[in-house]
Structures are given as structure tokens and as C-alpha cells.
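Contents: one structure, followed by commentary.
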Amino acid sequence: MKPSFTKPFYFIFYLCSFVFLSHAFAQKKNDKIEYHIHRATSAVRIDGIPDERAWAEAQLASDFHQVLPMDTSKAFVRTEVKMTYDDKNLYVLFINYEKVPGPYMVESLKRDFNFGKNDNDLLFIDTFDDQTNGFTFGANAHGAQWDGLLYNGSSANLSWENKWTSEVKYDDDKWIWEAAIPFKTLRYKKGITRWGVNFSRLDLKTTEKSAWAPVPRQFPTASLAYAASLVWDEAPPQVGSNISIIPYALGGVRANQEANSPTKFRRDLGFDAKIGLTSSLNLDLTVNPDFSQVEVDQQQTNLDRFELLFPERRQFFLENGDLFSNFGYQNIRPFFSRRIGLNAPINFGVRLSGKLNKDWRIGFMDMQTGKNDLGVPAQNFGVIALQRRMFARSNIAIMMVNKETLNYSNTSDSLVKLNGLTQFNRNLGIEYNLASKKNDWTGKLLYLTSFTPNTKNNDDVFAGNILYTSKKWVTGIQAERVGYSYSAEVGYVPRINYGKLNPQIAYLMFPKAGGTILSHGPTVMLTHYFTKDFTQETENEKLIGYKFNFRKTNTLFIWGAHNYVKLLSAFDPTNYARVFLPAGSEHKWDSFGFDYTSKPQALLTYLVSTRYGGYYANGTRLRLNGEVGYRFQPFVAITMSANYNRLAFEQDPVLPKELINKQYNLWLLGPKIDVTFTNKLFLTNFVQFNNQNNNFNINTRLQWRYSPASDLFLVYTDNYFSDTFQVRNRSLVVKFTYWWNV
């Protein structure tokens, strides 16, 4: 009897329903922990010196709780926080006392620093008290700023930037961080007098992470489910007109020796605009945007059968970006903004996003691209997302995505075939996101369908997962079914026509206090791929591992795995030699390895990741991956990353003769130097050597933040062939941006 493909989804549905009903009316965990914020009784000057009367009269938040290494006691390191406000700004003050003498640990003065490698303070605010979305602001011990958008209850998008100011000062036994956050920077509903809030501190000298409102150690301190209450003495002020114009001017030159084309000079103007329709609903406009200053992607060696995913970094797409980008799963995204403007210029775009009230969120986006150099006609991209909060922390959402090729009827057949153009591609989806009161139960149920012309059976997607996380246990299951003809041209769905089951379980044990090992335990994860009706298995991975978490926060993970793959299409196992294994061939292998990350407190940090074992066609694969970093505090951070893969093939019945007795050595080297002259002047030099795609890249980026959220960029990019080091192309761009509040 054939198994029904719906059974995994019924199981997840019933489990989600049980958890949902169990937690539907639960109160927020730390709701009764309150910080009462009062209007400032004097002017506040942001200088890191809390000598104003307003600070003397503000409520004191102290007695932090330890989160790491253990969450069973008060914090050993003393931290005090105060907040106040006036008509324009929300003010926050952290006073960080020392427990252990010595220099503070910081990576650099660069914005949005690596959390785990810096002594730092973080503020988390949930302006709608919905335990799902919010803002985070912070600084490290030398004044480098941190800001981001909180989504999914605890995740932070640090690519978001906005206008605010802060200062850090030192005393004999403490360091002080003081900040002013304009209300125009925040999004909140008129009249709401109760927000969510939490304060977090990381002190690397004692390896202690602490929070004012207690947070279980298995969750990040950004978890809004554990936020305390920020109680206002009156409704936060309405800021009046909230309009920002952000124009840019750009000049540059580009030489493409590979294409033997003449040198091109660039002179561009454009602008973004942010219009606050309400204090919680924002309209973004962009005309002729340019993203040349965005940091380059960190390349990866790709030995997978599917394309890699790189994150969105362009500012226009980031605010409330979770409404669009987090619909679905990591490998089932009906919308992925990096598809827009990938090979064509963006002419203009409009985006409406934010809160309608505490329960409803809306997102609307429309982007227009122009005709590209290959003759591909202009295209229009439209997205609508609507999200409704369900009870305490869960939500239900719908999304519609449309990609339309303009003037399609006049496009030549050869151009259509060469670029895979369709007249339109549309997706419609609905999902339910489960999040329990304590964040210990999370899950999702998803349905998607697509519409493309000349496709008789527009197929669909079913997916669901449930995950339980406690101090000792992590256990869950995920199921996916993606149809044969499902298509998401504006999304990221690298694999179609499959069914998948992915159960996992992990357990942690805690030895007696005082030892070098804080916790340790096993992990088991099974990943099974089937035909889409779940009747025939096509691929699986069985992984068992053991993890050690050390008291100094270094970690070690040892693992072993067994893999089976039945190729459904021809595949080049090197993604380099262009020699393919036949469809239908079956492959099995075993492998093992370990991953080690050093303690972050040291000036010299490193990580090592290894893999050795079998590979396709009875081959062998050795992978050595590592990163070494050294910091000359606080001005210079040097990182050297290296990824080496050795693929060796001998004899196998399905092995093409071109691969017999062949060995391939794939290198990806990436030295990076960050020089932070001040917390407003940064120089980044990033070099990447990748012989898999025959490219050697140099990217140098100088950024001067001459005013809050206003920058001058100088970006130089050079690309060479990695085998001959002949020049492929190079460019130089100067870009000036200014944030103007109307």
C-alpha cells in the first residue's frame, strides 16, 4: 500500500493545533517586570557623561540576570540602565562596571560589530508589545554603533540603518554608553503607553552575558517573548511630519578588458524617500537607485547540485523586510528581493510597509526595471503581503507575487528562449506561524501555488514544521512537498519535484560547576528526500554528532554521516570540470569531521572545520575550512579565511572517462582587513581567490560617515582570472549620500 503524502502534514497540523490551543491565551513571561519611563526634567546632552538632572531623576534598572554561562543566578558584573525622553528623542544610558581589571575587548570601531567578539551593550524595544517585531540599538566598549530590525521574535537584521547618535566614555571602574534615538527613527502606534523592553550586556573578560529581564540560556537576549514592560507616563510624542529625502550623486569609471569593450564613465543621480504616513506605517520611494557601495558577498565553494543563497544587503528592501523575505522557508521562498535588478537597472520603486494596528501588518512593493544590455525588455515586480497576529505571538499571513515582462509580444523568440523569459509568473501563498508564550514551541504551516502561461498543471507546495526548544532538549520535524511544475521566478526555490522529511533531536548535559566544559550532548538529524508523492526515496543523509560547549564559550562539534543520492538529472560533481554523472545513477558514501571555534576573548581567534570521506562515484573528498583573525584594538581587524576541497576519483561504472584517476584541488582564499580610524571613518579591503569560478577579486571600500546616516563612499573593484592573473575588469566609484529630514 502506498503511503499518503499528506500524513506528515496532518501530524504537524495536529501538533501545531495542540500547542496553539495550549498557549493561545498565555500572558507574556516577564510582563510584570516594569520600567517606568518619565519625560526628561532637563535637556540631555549626548556626551557619555550623565550629569544632567534628567538622569538623576530617571528610574534605575539594575540587578541583571545571568544568561550565559548559566541562567540560574544574578549577574556577577554590575550594570545599570536608565531611560527618559523628550518631544524628539528617546534616551538610554548604560553604566557598565568592571569586575575584572584590564582592557576592554573590542573587534574594531566598525558599525554592526560581531556581537560575540566585543564587550557591548544592547537595547531591545518592542514598540507594539507584540513579542514579534522591534528594534535594537547598541554599542561596543569603544563606541562602535549597532542597530537593526528585530523580526521572528528574536532575529536581528543588522543591514538596516537609520538616524541616531551615541557616545561612549570611560571612568576608573566603568564605561558608559549614552544614546539619543529620534522618535522619527522608530515605528509605533499612536496612544500606546506600554512597549516591550530589555537590556543586555556582554562582558568578555568574565564571559558573562546578562539581561535585565531574565532570558533562558537557550535563547538570545533579543527574544521579545521575554521582554519586560516599558511603561510610559504619557503616550509617546507624535513627531509631526516624518519625511526624509536621501539623494545621492555618483561618479565612476569602468574598464572591461575581458569583453574588450571601451572604458565607460558613469555620472548618476538618484534618491530615496521615506515618508511616515503614520507613526507605524512607512512609504518608501526610490528613483534610479544605485547599490555600488554595498559590501561584496563572501563567496562559497559550491559542490551542491543547487544554487547558493546570498543575503539581501540593499537598504531599500530592508525595513519590514521580514514581511516579504521570511514568507516560507529558507529553501522555499516565493519572494527573494535579490532577483530584482539582478541583470537590469532598477528605474523606480515604491514600498508601503508597517503596522495598521497591533494585530495587522501590511507590505506592498512595486519595482520597475529597465531594458538590459542583452536586450531583455523591462519587467515589473509586484508583491503584496498581509499578516494578522493570532493570540499572543503567532500569526497568519498571505502573500501574492507577480512578475510581468513588458512588451513581451514584441520580444524575439530567440531572446525569450535564451533568457528563459515568460510573459508572467505569479505566486499565491498562505502560512501560519506558531510561536508559544515562552518561545519553546515554534512552527509553520505553508501552502503555495504558482501560475505561469503555457503550463497546464500549475503545481503547488505544502510544507510544515514543529520545533521544541528547552534548556536540555531540541527536537522537531519538518516536512515539505514541492510539485513538478511549481515556479517562483522572483523567489528562491532551488529544488522542485520532491518530498522531504527532516526529523532532528539534540540533548545537552550540564556537568557540575567549576569545570572547563559547560555543557555537552549528542545530536541526531535525518534528512530524507522522496518523489513528491513520498513513494520512492531519492536521497538521504543520516548525521550523528556530539557537541561540547566550554566555559570560555569556545565550542567543539564532532560528527559522522552517511549519504545516499540517486541523481534525477545529470550532475558535474566538481561544478568545475563540466563532466557529468548520468541521471539515474546511485551513490553512497560515509564521511566524518569536526568543527572548532576558539574563545572570542583572545586577540587571536580562529575556527577550523573539516570533512573527510566518500563522495560521488566512489570518489573521496577532503574539505579543510578555517578562519584566523587578529585584532589590533580597536583600530585594525585582520581576518584570513581559507577553504580547500580535494576531490579524487579512481574507478567506478558510472564515472565518465574524463574523471577517472583525476584529482581536483579547489581553493577559496579570502583575506580581509578592516581599518577603523574612528567610529565614523572605515576602510575595508577584501580579497577573494576562487579557482572554481576562475576569479581573483579585490574590493576596497572607504566610508566616511560625516553626518548621521549620511556617507561618502570610495569603492575600487578589480577582477582577474585566477589561473593567469590577467585583468578581467576593474572599476572605481565615488558616491555621496545625504540624509535630509524635511
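The values are calculated or read from the model by the stated rules, or taken from the named source; none is laboratory data. Only a predicted model underlies this, so the values are computations on that prediction, with no experimental measurement involved. Methodologically, a virtual Cβ is constructed for each residue, glycine included, from the backbone with ideal geometry; neighbour enumeration extends over all protein chains shown.
Would you mention how many residues in the stretch 204-230 are out of contact with any Gly (no Cβ under 8 Å at 6 or more places or on another chain), of a type in the set (A, V, I, L, M, F, W, C) and under 20 Å from residue 153 (Cα atoms)?
The total comes to 6.
So, residue 284, is that one at pLDDT 90 or above, over 22 Å from the mean Cα position of the chain (by Cα) and of a type in the set (Asp, Glu) or not?
no
All but one of (1) surrounded by fewer than 16 Cβ atoms within 10 Å (Cβ to Cβ); (2) within 30 Å of residue 117 (Cα to Cα); (3) not basic (Lys, Arg) hold for residue 545; state the number of the condition that does not hold.
For residue 545, the exception is condition (1).
What is the residue count in the stretch 317-344 for residues that are modelled with pLDDT of 85 or more and over 26 Å from residue 467 (Cα atoms)?
Of the residues in the stretch 317-344, 7 are modelled with pLDDT of 85 or more and over 26 Å from residue 467 (Cα atoms).
Within the stretch 621-638, which residues are more than 13 Å from residue 117 (Cα to Cα) and in contact with a Lys or Arg (Cβ under 6 Å, 6 or more places away or on another chain)?
Those that are more than 13 Å from residue 117 (Cα to Cα) and in contact with a Lys or Arg (Cβ under 6 Å, 6 or more places away or on another chain): 622, 623.
Output the strands (runs of 3 or more DSSP E) that fall wholly within the stretch 142-242 and possess 2 or more residues being among the aromatic types (Phe, Trp, Tyr) and modelled with pLDDT under 95, or say none.
145-151
Among the numbered criteria (1) surrounded by fewer than 16 Cβ atoms within 10 Å (Cβ to Cβ); (2) closer than 26 Å to residue 606 by Cα, which single criterion is violated by residue 513?
Residue 513 satisfies all of (1) surrounded by fewer than 16 Cβ atoms within 10 Å (Cβ to Cβ); (2) closer than 26 Å to residue 606 by Cα except (2).
Quick one: which residue in 194, 201 is more than 30 Å from residue 721 (Cα to Cα), crowded, with 20+ Cβ neighbours inside 10 Å and in contact with a strand residue (DSSP E or B) (Cβ under 8 Å, 6 or more places away or on another chain)?
201
Filter the stretch 106-126 for residues that are over 23 Å from residue 50 (Cβ atoms) and crowded, with 23+ Cβ neighbours inside 10 Å and give the result.
Of everything in the stretch 106-126, those that are over 23 Å from residue 50 (Cβ atoms) and crowded, with 23+ Cβ neighbours inside 10 Å turn out to be 107, 108, 113, 126.
Filter the stretch 388-399 down to residues that are buried (at least 17 other Cβ atoms within 10 Å of the Cβ) and at pLDDT 95 or above and give me whichever is farthest from residue 425 (Cα to Cα).
Out of the qualifying residues, it is 397.
I'd like to check something: does the stretch 171-186 contain any residue that is more than 25 Å from residue 237 (Cα to Cα) and either buried (at least 21 other Cβ atoms within 10 Å of the Cβ) or of a type in the set (A, V, I, L, M) (or both)?
yes
Which of (1) buried (at least 24 other Cβ atoms within 10 Å of the Cβ); (2) within 20 Å of the chain's Cα centre (by Cα); (3) under 30 Å from residue 99 (Cβ atoms) is the odd one out, the single condition residue 132 does not satisfy?
Of the numbered conditions (1) buried (at least 24 other Cβ atoms within 10 Å of the Cβ); (2) within 20 Å of the chain's Cα centre (by Cα); (3) under 30 Å from residue 99 (Cβ atoms), the odd one out for residue 132 is (3).
Quick check on this structure: which one of 477, 505 is modelled with pLDDT of 95 or more and either surrounded by fewer than 16 Cβ atoms within 10 Å (Cβ to Cβ) or under 14 Å from residue 446 (Cβ atoms) (or both)?
Among 477, 505, only 505 is modelled with pLDDT of 95 or more and either surrounded by fewer than 16 Cβ atoms within 10 Å (Cβ to Cβ) or under 14 Å from residue 446 (Cβ atoms) (or both).
Would you pick out the residues in the stretch 405-438 that are among the acidic types (Asp, Glu) and out of contact with any Leu (no Cβ under 8 Å at 6 or more places or on another chain)?
Within the stretch 405-438, 413 is the sole residue that qualifies.
If residue 494 passes every condition in (1) closer than 30 Å to residue 568 by Cβ; (2) of a type outside the set (Lys, Arg); (3) out of contact with any Phe, Trp or Tyr (no Cβ under 7 Å at 6 or more places or on another chain); (4) in contact (Cβ under 8 Å) with a residue 12 or more places away in the chain but one, which one does it miss?
Going through (1) closer than 30 Å to residue 568 by Cβ; (2) of a type outside the set (Lys, Arg); (3) out of contact with any Phe, Trp or Tyr (no Cβ under 7 Å at 6 or more places or on another chain); (4) in contact (Cβ under 8 Å) with a residue 12 or more places away in the chain one by one, residue 494 breaks only (3).
Is it the case that residue 279 is touching a residue at least 12 places away in the same chain (Cβ under 8 Å), over 30 Å from residue 640 (Cα atoms) and either assigned to a strand (DSSP E or B) or in contact with a helix residue (DSSP H, G or I) (Cβ under 9 Å, 6 or more places away or on another chain) (or both)?
Taking the combined requirement at face value, the residue does not satisfy it.
Do we have any residue at all in the stretch 293-312 that's out of contact with any helix residue (DSSP H, G or I) (no Cβ under 8 Å at 6 or more places or on another chain), exposed (fewer than 15 other Cβ atoms within 10 Å of the Cβ), modelled with pLDDT of 90 or more and assigned to a strand (DSSP E or B)?
no
Residue under question is residue 605, and the condition is that it be surrounded by 17 or more Cβ atoms within 10 Å (Cβ to Cβ), under 23 Å from the mean Cα position of the chain (by Cα) and in a strand (DSSP E or B); does it hold?
Criteria met by residue 605.
With the requirement that a residue be in a strand (DSSP E or B) and either more than 30 Å from the chain's Cα centre (by Cα) or under 24 Å from residue 231 (Cα atoms) (or both), what does the stretch 68-88 give you?
Answer for the stretch 68-88, where residues must be in a strand (DSSP E or B) and either more than 30 Å from the chain's Cα centre (by Cα) or under 24 Å from residue 231 (Cα atoms) (or both): 74, 79, 80, 81, 82, 83, 84, 85.
Which of (1) outside any loop (DSSP other than H, G, I, E, B); (2) surrounded by 14 or more Cβ atoms within 10 Å (Cβ to Cβ); (3) of a type outside the set (Ser, Thr, Tyr); (4) modelled with pLDDT of 95 or more is the odd one out, the single condition residue 9 does not satisfy?
Single failed check for residue 9: (4).
Only one of these conditions is not met by residue 446: (1) surrounded by 18 or more Cβ atoms within 10 Å (Cβ to Cβ); (2) modelled with pLDDT under 95; (3) more than 26 Å from residue 609 (Cβ to Cβ). Which number is it?
All conditions are met except number (2).
Please name all residue pairs, on different chains or six or more residues apart, with Cβ atoms under 7 Å, provided the first residue is in the stretch 544-559 and is part of a loop (DSSP other than H, G, I, E, B) and the second residue is of a type in the set (A, V, I, L, M) and crowded, with 16+ Cβ neighbours inside 10 Å.
551/518
Can you tell me which of (1) small (Gly, Ala, Ser); (2) surrounded by fewer than 17 Cβ atoms within 10 Å (Cβ to Cβ); (3) within 30 Å of residue 683 (Cα to Cα) is the one residue 577 doesn't meet?
Evaluating residue 577 over (1) small (Gly, Ala, Ser); (2) surrounded by fewer than 17 Cβ atoms within 10 Å (Cβ to Cβ); (3) within 30 Å of residue 683 (Cα to Cα) leaves (3) as the failure.
Run down 687, 727, 742 and say which single residue is hydrophobic (A, V, I, L, M, F, W, C), surrounded by fewer than 18 Cβ atoms within 10 Å (Cβ to Cβ) and within 26 Å of the chain's Cα centre (by Cα).
687
In the stretch 608-665, what count of residues is obtained for those that are surrounded by 18 or more Cβ atoms within 10 Å (Cβ to Cβ), hydrophobic (A, V, I, L, M, F, W, C) and under 36 Å from the mean Cα position of the chain (by Cα)?
3
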